[in-house]
Amino acid sequence: MSARGRDTVHRRPDRPPAAQRLVHGSAALVAAASLAATLWTGLDDRGVALAFGLIVAAGELGRWSDAQVRQAAPLGTAGALAYALLGTDAGQPVRHHAAQVVTVVLAASLLGGVPHIWNGRSPTLDHLARRVLTVAFAAVCFQPLCGRDVFTPLDGSVHALLLVALLVLTALCDAVLAAVLARSRTRWPFGPLLREELRGLLGIGSAVCATGAVMALAAAVAGMWALPVFCLPLLLTQLSLRRCAAVRATYRQTITSLARATEIAGCTPAGHAHRVAALSTAVGRDLGLSGPELTVLEYAALMHDIGRLSLVDPVPAGATADLPEPQRRRIALLGGAVVRQTGVDGAVAVVVERLADPYREQPVAARIVRAVNAYEEKTRDAGPGGPLRALAELRLATAADYAPEVVEALARVLDRDCLTLPMAG
């Protein structure tokens, strides 16, 4: 397969994976059944439904897509969970059922998601499927018990603890769904993806669950007027998260621009750093690295050649894999010094500095960048059989130069994603 003139090539089946079809189909079935039941019985407590629907729609309008944020619509999620866990309104029992909860949340999510659907931003279908299934889970667990007055004789603290426990189970359900959908889209290993989702629950996820429980309890005592008061802190948090995401995006663009300095100076071929970073990140995911570790790995891969700017004579053909060890070590040390002067995270500088060390002494990120960089250089101008020959050479060199587990992870990524790095020209 020729990948000339492209960055990376991913061949994926035309039909969505079975797991993704199952999740989407289940969500569609639940949504259709809920809509039919609501149309049959009518909409109860319309004022309550409207209040929570507006909160969910407002949260969806403010939703954004960011790879490092696990919960991109915290206000909408908290409002949906609060509606699912609402048993009374200002002391008066509510009459809505689980099907109505799903219907109202789905309608509000679709209304608030119109701009995202129109502009094609973020995986909207996956987001809606997760929202429908998690809200249905919470409502089906809570509303029948509430209708039978199970919570009435309980002490307030016990009631609150039960709500928190149910929210924890709902959050775990959502984490599993998110990992399954991400696995279907990217074909990355399920275990690391699930661990990342569970880690996200400790951050904004816990705030979302807590706000959902507090909103439901406050509305039960003070009515719908309590909702804006408890929405405001989470709304401010959402705005702060968006600002942090913008800062991270600018930071990454700065690092990418610095990495291109070697290309502009003619030290490396065009796109070399980007290709190494993309494939290194995929290998890191296969090996189970966490989100912060993947960020350090990506930045180190982007800047792994920046030490060449300090060389008087450029490296022939821009290849460093076959250079003598003293010269490779000098380039690595110079690169680490440059990275430290740019103000980038010190962990990135450590990875760059350790690229020329024996692989048994290197951190995992340095092992990955070293192997992937060698693979990219060996496949450059190598013809259609270049990738296979490059992998064979890397495997033969695992005794001294490259970590065997990294080379095998690289082989799995290339085979799983049908990915080939481009040849120059």
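The values are calculated or read from the model by the stated rules, or taken from the named source; none is laboratory data. Just so we're clear, the structure is a prediction, and the values are computed from it rather than from any experiment. Positions of Cβ are generated from backbone atoms using ideal geometry, with glycine treated the same way; all protein chains shown enter the neighbour counts. SASA here: full protein model, heavy atoms, side chains in, ligands and nucleic acids out. Shrake-Rupley method; radii C 1.70, N 1.55, O 1.52, S 1.80 Å.
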Leading residue by the ranking (modelled with the lowest pLDDT) among those in region 40-65 that are of a type in the set (D, E, K, R) and surrounded by 16 or more Cβ atoms within 10 Å (Cβ to Cβ): Arg63
Regarding region 115-127, can at least one residue be identified that is touching a helix residue (DSSP H, G or I) at 6+ places or on another chain (Cβ under 7 Å), open to solvent by 10 Å² or more (accessible area, probe 1.4 Å) and under 17 Å from Ser34 (Cβ atoms)? no
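For region 91-145, enumerate the residues that are among the aromatic types (Phe, Trp, Tyr) and touching a residue at least 40 places away in the same chain (Cβ under 8 Å).
Once the filter is applied, which keeps residues that are among the aromatic types (Phe, Trp, Tyr) and touching a residue at least 40 places away in the same chain (Cβ under 8 Å), region 91-145 yields only Phe142.
For the structure I just gave you, tell me whether Met215 is in a loop (DSSP other than H, G, I, E, B) and either open to solvent by less than 30 Å² (accessible area, probe 1.4 Å) or not acidic (Asp, Glu) (or both).
Values: in a loop (DSSP other than H, G, I, E, B): no; either open to solvent by less than 30 Å² (accessible area, probe 1.4 Å) or not acidic (Asp, Glu) (or both): yes.
Judged against the criteria, Met215 is not a match.
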Would you please name the residue that is farthest from the chain's Cα centre (by Cα), looking only at residues in region 218-238 that are open to solvent by 60 Å² or more (accessible area, probe 1.4 Å) and without any contact (Cβ under 8 Å) to a residue 40 or more places away in the chain? Trp225
Condition broken by Val247, with the remaining ones in (1) open to solvent by 80 Å² or more (accessible area, probe 1.4 Å); (2) over 30 Å from Tyr299 (Cα atoms) satisfied: (2)
When you look at Ala179, is it in a helix (DSSP H, G or I), modelled with pLDDT under 85 and either on the phi > 0 side of the Ramachandran plot or open to solvent by less than 60 Å² (accessible area, probe 1.4 Å) (or both), yes or no? no
Hits in region 69-113 - residues which are closer than 23 Å to Leu39 by Cα, β-branched (Val, Ile, Thr) and not in a helix (DSSP H, G or I): Thr88, Val94
The residue from Ala37, Ala31 that alone is modelled with pLDDT of 90 or more, closer than 25 Å to Gly87 by Cβ and in contact with a Leu (Cβ under 9 Å, 6 or more places away or on another chain) is Ala31
For region 261-271, how many residues meet the condition of being surrounded by 17 or more Cβ atoms within 10 Å (Cβ to Cβ) and within 18 Å of Val339 (Cα to Cα)? 5
